[in-house]
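Trainee: I'd like to ask you about the structure that follows.
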Amino acid sequence: MSRFTALYRGETRINFIGSRKRWYAASAVLVLICVLSFVIRGFNYGVEFKGGTTFKIPASGNSITADSVDKAFGAAGTAPQNAPQVVGSGSSRQIVVNTATLTPQAAQNLQNSVAKTLHVNTTSISLDSIGGQWGHDTTIKALEGLIIFLIAVSVYIGLRFQWRMAIGGILALLHDLLIAAGVYSIVGFEVTPSTIVGLLTILGFSLYDTVVVYDKVAENAKDILAGSRTTFSEAANTAVNQTLMRSINTSLIALLPVAGLLFVGAGILGVGTIKDLALILFVGLASGAYSSLFLATPIVVDLTERDPRYKALAKRVAAKRSSEKKRLADAETAGVTAGVGAGGAALRRGSGPAPAPKVGARPQRPKRK
């Protein structure tokens, strides 16, 4: 209970900054895995990005399943590009199938064949063709928005705090992007417009958490160069400990509803339309909380302590603490020596206690004059 109370009050003394090389190594391993997945597995782009034809088949009853739809398309000679996806529930339940881009006549023939195999009305199957140019334009717009966002963030943090914090914040954001995209690549979920929306959302959350920690770092390091009591790394470590509980609470509050969407909505209920957004949000929020505590601030410390002024501060702090330690040791030694010397002097002066009389000795009478 005492540890929980200390955590809640921000009174913990976890050495985040001193262990920063461990966090750097862990992040480097995760980023390397994600990059290898980019190269080996790539991404599963949705029809909005690579183009194609989408068929939506009503499946309110139990007779039509994703497996039966997959077999119906295979029998018609056009295999789906991905496994059929079940969306909705009850009377609005549908099975969505994406194929390569088809001509209007080929799409109509495929629609008739699938309807005949599944014993449904042809008009109940809707189809929609999307060109690859739309996905290309969407990707370009998303990248432009991302670049503008990063520039705006850098300018804000640089003006609000300092340029070192801007670099730390941007590197933390890029770390979150790589981790979230890497998990998408490893899991194999489709990259859809919802994915882009989720990426921009997690960037905002990661930035918010990082700015909260930076604000505390700036408060603890105010006028630190004028004294010699603590180093910048110690002030930053104290700030991370003070904001630790707030970061945990914020992350949990944000992650719980997203976890409900991902594991309950997409996993248990099978609402496939929300899993793309839910996964990117879940991974991004968790990664953002990690990077704001374990990456952004340690990067700022590394950059700041290269400054000669902060190197001089660290030397002054070390010298002062060494002097204080030596003074206390000398005082303790002097105290022990003084005690021993006083006792010896007292014995030499005979000021010690009188010797006890011998047992059985007769008391001496005063002599008569």
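The values are calculated or read from the model by the stated rules, or taken from the named source; none is laboratory data. Everything quoted here is computed from the prediction, not taken from an experiment. Cβ sites come from the backbone with ideal geometry, for glycine too, and all protein chains shown count toward neighbours.
Trainee: Tell me which residues, restricted to segment 234-250, are surrounded by 17 or more Cβ atoms within 10 Å (Cβ to Cβ) and either in contact with a Phe, Trp or Tyr (Cβ under 9 Å, 6 or more places away or on another chain) or of a type in the set (Val, Ile, Thr) (or both).
Mentor: Of the residues in segment 234-250, the ones surrounded by 17 or more Cβ atoms within 10 Å (Cβ to Cβ) are 234-245, 247, 250.
Answer for segment 234-250, where residues must be surrounded by 17 or more Cβ atoms within 10 Å (Cβ to Cβ) and either in contact with a Phe, Trp or Tyr (Cβ under 9 Å, 6 or more places away or on another chain) or of a type in the set (Val, Ile, Thr) (or both): 236, 237, 238, 239, 240, 241, 243, 244, 245, 250.
Trainee: Output the residue which, of all residues in segment 205-230 that are in contact with a helix residue (DSSP H, G or I) (Cβ under 8 Å, 6 or more places away or on another chain) and farther than 27 Å from residue 173 by Cα, is surrounded by the fewest Cβ atoms within 10 Å (Cβ to Cβ).
Mentor: 229
Trainee: A further question on this structure: Condition first: within 30 Å of residue 170 (Cα to Cα) and surrounded by fewer than 13 Cβ atoms within 10 Å (Cβ to Cβ). Now tell me which residues in segment 100-157 satisfy that. Steps first, answer last, please.
Mentor: Here is the first cut: in segment 100-157, the residues within 30 Å of residue 170 (Cα to Cα) are 134-157.
Within segment 100-157, 137, 140, 141, 143, 144, 147, 148, 151, 152, 155 meet the criteria.
Trainee: Here are some residues: 288, 267, 260. Which one is modelled with pLDDT of 80 or more and either out of contact with any Pro (no Cβ under 8 Å at 6 or more places or on another chain) or of a type in the set (Phe, Trp, Tyr) (or both)? Let's see the steps before the verdict.
Mentor: Working: 267 fails: modelled with pLDDT of 80 or more; 260 fails: modelled with pLDDT of 80 or more.
Step by step, each of 288, 267, 260 is checked, and only 288 is modelled with pLDDT of 80 or more and either out of contact with any Pro (no Cβ under 8 Å at 6 or more places or on another chain) or of a type in the set (Phe, Trp, Tyr) (or both).
Trainee: Moving to a separate point now. Return the total of residues in segment 74-120 being farther than 15 Å from residue 52 by Cα and touching a helix residue (DSSP H, G or I) at 6+ places or on another chain (Cβ under 7 Å). First the steps, then the outcome.
Mentor: Residues of segment 74-120 that are farther than 15 Å from residue 52 by Cα, as a first pass: 74-77, 85-95, 109, 112-120.
Going one step further and asking which of them are touching a helix residue (DSSP H, G or I) at 6+ places or on another chain (Cβ under 7 Å), we end up with 75-76, 85-87, 95, 112, 114-115, 117-118.
Within segment 74-120, residues that are farther than 15 Å from residue 52 by Cα and touching a helix residue (DSSP H, G or I) at 6+ places or on another chain (Cβ under 7 Å) number 11.
Trainee: Just the residues that are farther than 25 Å from residue 185 by Cα, modelled with pLDDT of 80 or more, hydroxyl-bearing (Ser, Thr, Tyr) and surrounded by fewer than 20 Cβ atoms within 10 Å (Cβ to Cβ), please, taken from segment 39-79.
Mentor: 65, 68
Trainee: While we're on this one: Output the residues belonging to segment 279-318 that are assigned to a helix (DSSP H, G or I) and free of Cβ contacts under 8 Å to residues at least 60 places away in the same chain. Steps first, answer last, please.
Mentor: Our first condition is that a residue be assigned to a helix (DSSP H, G or I); within segment 279-318, this holds for 279-304, 308-318.
The answer is 282, 286, 290, 308, 311, 312, 315, 318.
Trainee: Cβ-Cβ distance below 6 Å, separation of 6 or more or different chains: which pairs start in segment 228-249 with a residue that is under 16 Å from residue 302 (Cα atoms) and end on one that is of a type in the set (Phe, Trp, Tyr) and surrounded by fewer than 20 Cβ atoms within 10 Å (Cβ to Cβ)?
Mentor: From segment 228-249, the pairs are 232/310.
Trainee: Now, a different point. Output the qualifying pairs, or none if there are none: Cβ atoms under 6 angstrom, residues six or more apart or on different chains, first residue in segment 158-182 and closer than 18 Å to residue 306 by Cα and in contact (Cβ under 8 Å) with a residue 40 or more places away in the chain, second residue of a type in the set (Gly, Ala, Ser) and surrounded by fewer than 19 Cβ atoms within 10 Å (Cβ to Cβ).
Mentor: If the second residue must be of a type in the set (Gly, Ala, Ser) and surrounded by fewer than 19 Cβ atoms within 10 Å (Cβ to Cβ), the pairs left are 161/218.
Trainee: Could you tell me which residue of segment 116-144 is modelled with the highest pLDDT, considering only residues that are part of a helix (DSSP H, G or I) and of a type in the set (S, T, N, Q)?
Mentor: Start the filter on segment 116-144 by keeping residues that are part of a helix (DSSP H, G or I), which leaves 116-118, 122-124, 132-144.
Okay, now just the ones that are also of a type in the set (S, T, N, Q), so 117, 122-124, 133, 138-139.
Numbers: 117: 89, 122: 86, 123: 85, 124: 86, 133: 70, 138: 72, 139: 73.
By that ranking, first place goes to 117.
Trainee: Return the residue satisfying two criteria in turn: it lies in segment 172-219 and is more than 30 Å from residue 83 (Cβ to Cβ) and among the aromatic types (Phe, Trp, Tyr), and of such residues it is modelled with the highest pLDDT. Give the steps one after another, and end with the answer.
Mentor: In the first step, residues of segment 172-219 are kept if they are more than 30 Å from residue 83 (Cβ to Cβ); the result is 172-175, 203-219.
Those still in the list that are among the aromatic types (Phe, Trp, Tyr) too: 205, 208, 214.
Numbers: 205: 78, 208: 81, 214: 90.
Filtering first and then ranking leaves 214.
Trainee: Return the residues of segment 97-115 that are closer than 17 Å to residue 70 by Cα and assigned to a helix (DSSP H, G or I); say none if nothing qualifies. Give the derivation first.
Mentor: From segment 97-115, those closer than 17 Å to residue 70 by Cα are 97-100, 107, 109-115; that's our starting set.
The answer is 107, 109, 110, 111, 112, 113, 114, 115.
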